[in-house]
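Comments concern the structure below.
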Amino acid sequence: MAPDTAPISSTAPEGRLQGTPLAGQHALITGATRGIGAAIAETLGALGANLTLIGRDRTLLDQRAGHIVGELGVSVHVETADVSDADAIGRAFEAAAAANGPITILVNNAGSGKSAPFHKMERELWDSMIAVNLTGTFICTQAALPAMLAAGQGRIINIASTAGLKGYGYVSAYCAAKHAVVGLTRSLALETAKKGVTVNAVCPGYTETDLVRETIDNIVAKTGRSVADATAELAASNPQGRLVQPWEVAEAVAWLALPSSASITGQAIPVAGGEVM
């Protein structure tokens, strides 16, 4: 596997979004140190947006920011915060706005997925899944929305999951949280439809990230199957027979962030090779 600070999009094909249609925009991405979040940050930066990256590991944030600045030359601000901590997020968003101006694009990407049979699930696991995946989205959106409404423009893009559109066994807390994110997306989209702010969700299927690698390791540990067999089991849920790549999710996010996507709101868009139709 490539190191976390390597270019995310190096294997992407030609024909991706190009130019700088997001020049002058300020995109804030949570959970931005690796995986999907890092791919989103790089893609939005490549389209000209100045960035704020939020995560819990300052070293990884600084490494990611240094890579993007060196490659793309956009302004990148970093803040360390837990998205479920309203006070910390409030301070982080204020610092972000002071550094790069009002936040015009918010990508709620931070998330966590842990599994347990429902009848054995501890309350702590339930609470943590709701806190990170749902309450964090609520807190960050409330922090960013007032400035968007005042400006009469903005993009809020929530990274949900196909688990927000269907059920999966043994991850009921995660599914519940992601279903709620989709519901929040649709409700808020109606509230902001005439105010220049769009609200959408992108719902990846199994994507080649650290989170999925942890899932694969868990399958191997509990079943004794090989890594290849465990990976194939996850990929089989995708009719294309493969794991989604982070840059593919990032491209969907970037499209929703474009000025030309102003009529797209309240949608939950699967990036999953046809798994959900």
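Quick notes on this structure:
- Förster radius 35 Å - calculated FRET efficiency between Gln142 and Asn218, Cβ distance, rounded to 0.05: 0.55
- Residues of region 140-161 with amide N under 20 Å of a point placed 7 Å along Cα→Cβ from Lys195: 140-159
- Among Thr162, Thr135, Thr59, the largest mean-square fluctuation in a Gaussian network model of the chain, built with springs joining Cα atoms closer than 10 Å, belongs to Thr59.
- Kirkwood Rh, Cα atoms: Rg over Rh of the chain: 0.95
- Distance between modelled label sites at Glu94 and Arg56, nm, 7 Å Cα→Cβ extension: 2.4
- Among Val181, Thr215, Val69 - extreme Cα towards positive end, dipole of the chain, charges at beta-carbon: Val181
- Taking θ as phi - 60° and the Karplus parameters 6.51, -1.76 and 1.60, the scalar couplings of region 257-263 work out to 7, 5, x, 6, 9, 4, 8 Hz in sequence order, x denoting glycine and proline.
- For region 105-119, putting each phi into the Karplus relation 6.51 cos²θ - 1.76 cosθ + 1.60 with θ = phi - 60° gives couplings of 10, 10, 10, 8, 9, 4, x, 8, x, 10, 10, 5, x, 4, 6 Hz, in residue order, rounded to whole numbers and with x for Gly and Pro.
- Close amide H partners of Val76, meaning residues 5 or more places away or on another chain with modelled amide H under 5 Å apart, are Leu51.
- Relative to the current alpha-carbon distance between Glu233 and Tyr168, full extension at 0.36 nm per residue lengthens the span by 22.1 nm.
- Remark on Asn158: its backbone amide H falls under 5 Å from those of Asn108, Asn200, Ala201, Val202, a criterion applied only to residues 5 or more positions apart or on other chains, H modelled at 1.01 Å from N.
- Between the beta carbons of Thr20 and Asp87, assuming R0 = 51 Å, the FRET efficiency works out to 0.90 to the nearest 0.05.
- Sorted by Cβ density within 10 Å, fewest first, the residues Glu79, Glu124: Glu124, Glu79
- All distinct Cα pairs of region 102-249 go into the 1/r average, and the inverse of that average, the Kirkwood radius, is 16.5 Å.
- A simple charge model with +1 on the Cβ of Lys and Arg, -1 on the Cβ of Asp and Glu and nothing else charged puts the dipole of the chain at about 560 debye relative to its Cα centre.
- Taken as Cα centroids, region 186-204 and region 221-277 sit 21 Å apart, rounded to the nearest whole angstrom.
Coordinate-derived values only; no laboratory data. Note that the structure is a prediction, hence the values are computed from the model and not measured. Quick reminder, even Gly has a Cβ in these numbers, built from the backbone with ideal geometry, and neighbours come from all protein chains shown.
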